[in-house]
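Peer 1: Attaching a single structure in structure tokens format; questions to follow.
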Amino acid sequence: MRVIFAGGGTGGHIYPALSLIKKLKHNDPDIEVLFIGSNRGLEKELTQELGIPFTSLDVQGLRRSFSLSNFKTLFKFVDSVSKSKQIIRNFDPDIVVGTGGYVSAPVLYKAARMKKKTIVFEPNSYPGLTNKLLGKLVTKVAVSNDDAKQYFPSSKIVFTGNPRSQEVYEESLAQKKHQSLKQEIPQVLIFGGSLGALQINNAAEEMIRQHDFKNIKIIFGSGRKYYADKKEILDKLNEKENVQIKPYINNMAELLPNISLIVSRSGATTIAEITALGVPAILIPSPNVTHDHQTYNAKSLSNENAAILLPEGELTSKKLYEMIMNLINDHHRLSEMKCKSFSLGERDAADRFINLMKELVGENAY
């Protein structure tokens, strides 16, 4: 099988594709893959680390209000469609998979027009405009939340779950085989997503400065830009007992099995990762995303008592500290949240997705 994956910009659009590529390669080393990403996201670095062939397109999003930059956006889209045609023609894929981000639009649009088998992956409970439009053109729409089904043609919808969840779960099982000692104190991960989150970072930094942590360990992933801007301050805080501050969490699958509580945004991939393992969460949705979809994502957990939803407008260092300590010290509630979260996980999502790919190209499913 020859597969083109298109997606990028943030980890939520990249990691599901990487999970699928790893699984495909594990099952069949002869599978040929090409990753098409943006020229500004993390995808180039991450694909290079894994030895995945990569090429980029120069694309950007439309502004909601009138802006002259929208003319530039449209020009870049038309140019990217033309380049996508050449890439698709040269690589000649059996199937093209889009996992989100602006770059997936010209690639999937052109692939569909060229009569290639196509899948768009919608990880959120509320899809953005791009995926809604692509859903009318592609062969199938893979979703990981039942709430998203209403926005796409019913004949095209396949529930797969988020492929990232299976990778995280399987890595945690492998890790358990090599762990014999139980961790001494609870570990709390504070993480604002692959690009960092300013309000979460500010609250976490102030909390770490104001408090000592004798009975819990704080792991804080700030994002590279924030860390670079405040390196001297964060390096000093990093010297405190039971505090670990990192520019970027690049080993989430290894880290999560040891986490007692996570404080994070509620992007779809983060939701997939924490429910795969049943990690209790304080979720702080980003207010700067299309149609407030992170709030929808967070509510899918908080409504089931698997997480606590904390609006960003209510976030302070004092409230964050109190919520963390109250949960860590409430073993019954933490255990209940863990069970509820685990019950929502999709731990065979990559297999489901790959079976869909195989069915579309006429190969035998697993």
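Derivation of every value follows stated rules applied to the coordinates shown; laboratory data play no part. Everything numeric here is computed off the predicted structure, so don't read it as measured data. Every residue, glycine among them, receives a Cβ derived from its backbone with ideal geometry; neighbour counts consider all protein chains shown.
Peer 1: For SER335 and ASP212, what does the FRET efficiency come to when R0 = 22 Å and r is the distance between their Cβ atoms, rounded to the nearest 0.05?
Peer 2: FRET efficiency, SER335 to ASP212: 0.25.
Peer 1: State to the nearest 20 debye the size of the charge dipole of the chain about its Cα centre, where the only charges are +1 on K and R beta carbons and -1 on D and E beta carbons.
Peer 2: Here the chain has a charge dipole of around 1080 debye.
Peer 1: Listing LYS318, LYS217 from the residue with the fewest other Cβ atoms within 10 Å to the one with the most, what is the order?
Peer 2: Taking fewest neighbouring Cβ atoms as first place, the list is LYS318, LYS217.
Peer 1: Could I have the simple spin-label model distance between GLU184 and ASP147, label points 7 Å from Cα toward Cβ, reported in nm to one decimal?
Peer 2: According to this spin-label approximation, the distance is 4.2 nm.
Peer 1: Still on this structure, I have one more. With the dipole of the chain worked out from charges on the C-beta (+1 for Lys and Arg, -1 for Asp and Glu) around the Cα centre, which of LEU320, HIS26, ASN202 lies farthest toward the positive end?
Peer 2: HIS26
Peer 1: How do MET207, MET325 line up, fewest other C-beta atoms within 10 Å first?
Peer 2: Working: MET207 22, MET325 15.
With the sparsest Cβ surroundings first, the list reads MET325, MET207.
Peer 1: Report the relative contact order of the chain, percent, no decimals, based on alpha-carbon pairs under 8 angstrom and at least 6 residues apart. List each step's numbers first, then the result.
Peer 2: Values: 717 pairs, mean separation 57.1, N = 366.
The normalised contact order for the chain reaches 16 percent.
Peer 1: Answer with one residue from ILE52, VAL97, VAL138: the one whose Cα lies farthest towards the positive end of the charge dipole of the chain, charges on Cβ with Lys, Arg +1 and Asp, Glu -1.
Peer 2: So the residue we want is VAL138.
Peer 1: List the pair-distance distribution P(r) of the chain, using every Cα-Cα distance, as the percent of pairs falling in each 10 Å bin from 0 up to the bin containing the longest distance, rounded to whole percents.
Peer 2: 5, 24, 33, 24, 11, 3, 0
Peer 1: Calculate the dipole size of the stretch 168-343 relative to its Cα centre from +1 charges on Lys and Arg beta carbons and -1 charges on Asp and Glu beta carbons; express the result in debye to the nearest 20. Numbers along the way, then the final one.
Peer 2: Values: 20 positive and 20 negative charges, 34 e Å.
Computed about the Cα centre, the dipole is about 160 debye.
Peer 1: Tell me, in nm to one decimal, what length is gained between LYS25 and SER155 on full extension, where the rule is 0.36 nm per residue of separation less the Cα-Cα distance?
Peer 2: 43.8 nm
Peer 1: For the chain, list the DSSP H helices whose alpha carbon atoms reach 20 Å or more along the long axis and whose average Kyte-Doolittle value is -1.0 or above?
Peer 2: Details: long enough: 11-27 (24 Å, -0.23); 69-91 (32 Å, -0.24); 163-176 (21 Å, -1.47).
Once both thresholds are applied, what remains is 11-27, 69-91.
Peer 1: Follow-up. Listing SER266, SER56 from the residue with the fewest other Cβ atoms within 10 Å to the one with the most, what is the order?
Peer 2: Fewest-to-most ranking of SER266, SER56: SER56, SER266.
Peer 1: Ok, one more. Please give, to one decimal in nm, the separation of the simple spin-label points placed at GLU45 and LEU133, each 7 Å out from Cα toward the Cβ.
Peer 2: 3.0
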